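For reference, the structure is listed below as structure tokens.
The values are calculated or read from the model by the stated rules, or taken from the named source; none is laboratory data. The structure presented is a predicted model; accordingly, all values stated were derived computationally and were not measured. Positions of Cβ are generated from backbone atoms using ideal geometry, with glycine treated the same way; all protein chains shown enter the neighbour counts. For the accessible areas, the whole protein counts, side chains as well, though only heavy atoms, and no ligand, DNA or RNA atoms are used. Shrake-Rupley method; radii C 1.70, N 1.55, O 1.52, S 1.80 Å.
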Amino acid sequence: MFTQTGGLTKGSAPVQNPIFPPGFLWGVSTSAFQIEGATSEGGRGPSIWDTFTATEGKIARGEQAKVAADHYHRYPEDIALMAELGVGAYRMSIAWPRIQPDGRGKPNPEGLGFYDKLIDAVCEAGIAPAVTLYHWDTPQAIEDEGGWLARDTAQRFAEYARILGERFADRVKLWIPLNEPMVMSIFGYAIGEYAPGKTLLLDAIPTAHHQNLAHGLAVQALRAAGATDVGTANNHSPIWPAEPDDEEAAEWLDALLNRLFADPVLLGSYPEQLHAHLPAGFADDLPTIAQPLDFYGVNYYEPQGVAKPSPGNPLPFDLRPIEGYPMTTNDSPIVPHALRELLLDFHRRYRDKLPPIQITENGCSFADVVAEDGGVHDPERIDFLHSHLVALREAMDAGVDVRGYFCWSLLDNFEWSKGYAPRFGLVHVDYETLRRTPKDSFHWYRKLVRDEQ
Ligand code: IFM
């Protein structure tokens, strides 16, 4: 499978990595809830993920994120690892409930102080901070008032963005208001696999509009506070119909997973199929949502299969697994060429409306273990990264303007409802001792980033 783009066989050492242009930004990505722990320290308020993880049956093995990778206390060690890697940028998120413990009003000085120290330490290591304002950890108090079903949450978010912009715009290089709003709408509100655990199916679509509005308002607030490079981080998947006559179902799913989040931001419109499900008056918000952006962040993991709906399905499509590819331990098929397909499709679809792209996430999970020799040998991850970078470079050669790549993730971390089993890190974390062990892929990425091939 890997031979399609990279000339690799599974588990072999990469022959040669593609060459990227000078100034291409190499980074690593994390998010607050997945690594910080310390959920009741520093005046942090409860988030929907604290509530969800404490609810029986929601998370594999009942795992919680009270400690996670303990990054809250161990960030100096983690920054030293990034300095060793030689990355130019670190994409991290700020926990909204550390800044506004109940989602509104004056900021919590301890929360701001923690991120001051963290951002300063990242800068001192010669690494540019790329900050996501929101990676799904809504303050519980906001959820209690309707969460993303309530239009007012977009205003609350804009206020939060203003606070962060005023405090950190002098040091943050790239700004990303919301991470993967699709996952919040679909997994959180439509099918209930993620917090806040609602099962509203298509009635969840207003949460997408309110997040899109929050994005537009936050871009305005950040810029007003002096932020210069403001973009997005949307996850996108090529949609593959199972049979040729599944095209209509594929268009629906594409509208729901991809275009519901990209079209309003880039084109100032929504796909027709979704109009009936959006809140009344949605069109008036489109100019606010479609703020010009400095970059468009793409998170890519996998394509998604689809077929026409089976009888009785309330949705206009059935999801179909993609078969015939190797899988990660997070149940993702490994399809590097779909990254090239996705980027070329975006390039054709959005043309001059598409700003330069940053790959804000790409990575894979495997069952990595510390071997007897003390190392963590993860050739599958090296193959994964190599083959995706080859596909990325091919898309760039075909004209797509991509300026950077952030590997998900620096550290093994809390993978939401799957708990700690899927390990995504370049660095292994022992969850008993919290010891960090760089994996073979860390050393491989280090050479790539430092251009020591
Ligand atoms: O761990 C997640 C991250 O929080 C958002 N993007 C996908 C990753 C892997 O599933």
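Given a Förster distance of 35 Å, report the FRET efficiency between Ala276 and His443 from their Cβ-Cβ distance, rounded to the nearest 0.05.
Efficiency at R0 = 35 Å is approximately 0.10.
Which whole-Hz couplings ³J(HN,Hα) result when phi for each residue of segment 371-382 is put into the Karplus expression 6.51 cos²θ - 1.76 cosθ + 1.60, θ = phi - 60°, listed in order with x for Gly and Pro?
7, 4, 7, x, x, 10, 9, 10, x, 4, 5, 4
Can you tell me how much longer the chain between Arg348 and Asp373 gets when fully stretched, taken as 0.36 nm per residue apart minus their C-alpha distance, in nm with one decimal?
Full extension from Arg348 to Asp373 adds 4.1 nm.
To the nearest 20 debye, what charge dipole does segment 128-168 have about its Cα centre, counting +1 at the Cβ of each Lys and Arg and -1 at the Cβ of each Asp and Glu?
220 debye
Quick one: which residues, 5 or more positions from Glu361 or on another chain, have an amide H under 5 Å from its amide H? H modelled 1.01 Å from N in the peptide plane, none for Pro or chain starts.
Val298, Asn299, Tyr300, Phe406
At a Cα cut-off below 17 Å, give the aspartates and glutamates reachable from Lys353, other chains included and same-chain residues fewer than 8 away excluded.
Partners found: Asp229, Asp263, Asp294, Asp345, Asp401.
Mind listing the long-range amide H neighbours of Glu36? Cut-off is under 5 Å, sequence gap 5 or more, other chains count too, H placed in the peptide plane at 1.01 Å from N.
Under 5 Å from the amide H of Glu36: Ala69, His71.
Would you kindly derive the ³J(HN,Hα) couplings of segment 279-286 from the backbone phi angles with the Karplus curve 6.51 cos²θ - 1.76 cosθ + 1.60 (θ = phi - 60°), listing them in order in whole Hz, with x for Gly and Pro?
x, 4, x, 4, 4, 5, 8, 4
Compute the separation of the alpha-carbon centres of segment 106-147 and segment 216-264 and state it in Å as a whole number.
Centre-to-centre (Cα) distance: 24 Å.
Using r as the Cβ-Cβ distance of Glu432 and Glu110, and R0 as 30 Å, what FRET efficiency do you calculate, to the nearest 0.05?
0.60
Mind giving me the nanometre distance, one decimal, between the label points for Thr228 and Arg61, set 7 Å out from Cα along Cα→Cβ?
With each label point 7 Å from Cα toward Cβ, the separation is 4.5 nm.
Taking the dipole about the Cα centre of the chain, with the C-beta of Lys and Arg at +1 and of Asp and Glu at -1, give me whichever of Ala280, Gln100, Gln64 is farthest to the positive side.
The Cα lying farthest towards the positive end belongs to Gln100.
What accessible area per residue comes out for segment 389-438, rounded to a whole number of Å², with a 1.4 Å probe?
Per-residue value: 29 Å².
If you stretched the chain out fully between Glu77 and Glu452, how much longer would it get, using 0.36 nm times the residue separation minus the C-alpha to C-alpha distance?
In short, 132.6 nm is gained.
Evaluate segment 160-302: find the radius of gyration of its Cα atoms, find its Kirkwood radius, and give the ratio Rg to Rh.
1.00
Rounded to whole Hz and in sequence order, give me ³J(HN,Hα) for segment 87-94 from the Karplus expression 6.51 cos²θ - 1.76 cosθ + 1.60, θ = phi - 60°, writing x for Gly and Pro.
With coefficients 6.51, -1.76 and 1.60, one gets 5, x, 9, 10, 8, 10, 10, 9 Hz.
Leaving ligands, DNA and RNA out of it, report the carbon-plus-sulfur percent of the accessible area of the chain at a 1.4 Å probe.
50 percent
Would you please give the FRET efficiency between Ala150 and Ala398, computed as 1/(1 + (r/R0)^6) with r the Cβ-Cβ distance and R0 = 56 Å, to the nearest 0.05?
Computed FRET efficiency for Ala150 and Ala398 comes out at 0.85.
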